[in-house]
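These notes are about the structure you will find just below.
The values are calculated or read from the model by the stated rules, or taken from the named source; none is laboratory data. Remember, predicted model here, so these are calculated numbers, not experimental data. Here the Cβ positions follow ideal geometry from the backbone for every residue, glycine too, while neighbour counts run over all protein chains shown. Just so you know, the surface numbers come from the protein's heavy atoms only, side chains and all, with ligands and any DNA or RNA stripped out. Shrake-Rupley method; radii C 1.70, N 1.55, O 1.52, S 1.80 Å.
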Amino acid sequence: MDKLQQTLGYTFQNPAYLRLALTHPSTKLPDNQRLEFLGDAVLELSISRILFFEMPKVNEGRLTRLRAELVREETLYRIARKIDLGKYIRLSVGEEKSGGREKPSILSDIVEALIGATYLDAGFDQAFALVASLYGDMLDPA
């Protein structure tokens, strides 16, 4: 998990949050679904904040469409693949055998859970910084 934390640019004060974020519901362990719920909200707020300030002349309708594109499963999946997130997920044997480490729905959920875990561990500013880092050039208004 040290390598993942290096990739994320953030070291968890409470590593239990990170472990929980990486735990899929298919395991018999406490899982990441609640962190995913929280991370989804933090992600939407973070992307909204970035778009609001980076695109001051863009109207509300266009901002809403841009945000929807940026927070959808496909985009989160690309981010997860970019940071090789699949190798860190804790899955059941059955989910592992069915290719769970590469499933877009699982990987996108893990990204949201990581954002939620970061929010709980260090607050909004750190979670916002993580979102900005994960999205990188995708947020370039050019």
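So what's the projected area for the chain, the Cα convex hull averaged over all directions, in nm²?
The number I arrive at for the chain is 8.1 nm².
So which helices of the chain fit the span-like rule, where a helix is a whole DSSP H run, its Cα atoms reach 30 Å or more along the axis, and its mean Kyte-Doolittle is at least 0.0?
33-54
Can you send over the carbon and sulfur percentage of the accessible area for the chain, probe radius 1.4 Å, protein chains only?
It is 52 percent, rounded to a whole number.
Mean separation of Cα pairs under 8 Å and 6+ residues apart, divided by the residue count of segment 30-121: what relative contact order is that in percent? Mind dumping the intermediate values first?
Numbers: 82 pairs, mean separation 48.6, N = 92.
So the answer I get is 53 percent.
I want to check the label-to-label distance for M138 and T11. Put each point 7 Å from Cα in the C-beta direction and report it in nm to one decimal.
Once both label points are built, they end up 2.8 nm from each other.
If each DSSP helix of 4+ residues adds -39,500 (n - 2.57) and the sum is divided by the residues in the chain, what number results at 222 nm, nearest 500 deg cm²/dmol?
Values: 8 runs with 94 residues, N = 142.
Helix contribution divided over all residues of the chain: -20500 deg cm²/dmol.
Pick out, from L66, F128, S105, the residue whose Cα sits farthest towards the positive end of the charge dipole of the chain, with +1 on the Cβ of Lys and Arg and -1 on the Cβ of Asp and Glu.
Result: S105, furthest along the dipole toward the positive end.
Return the whole-Å distance between the Cα centroid of segment 1-46 and the Cα centroid of segment 48-120.
Rounded to whole Å, the Cα centres lie 12 Å apart.
Å³ per residue of the Cα convex hull, for segment 6-47?
93
Treating only the Cβ atoms of Lys and Arg (+1) and Asp and Glu (-1) as charged, compute the dipole magnitude of the chain about its Cα centre; round to the nearest 20 debye.
220
Mean projection of the alpha-carbon convex hull of segment 89-140 over all orientations, in nm²?
Here the figure is 4.2 nm², rounded to one decimal.
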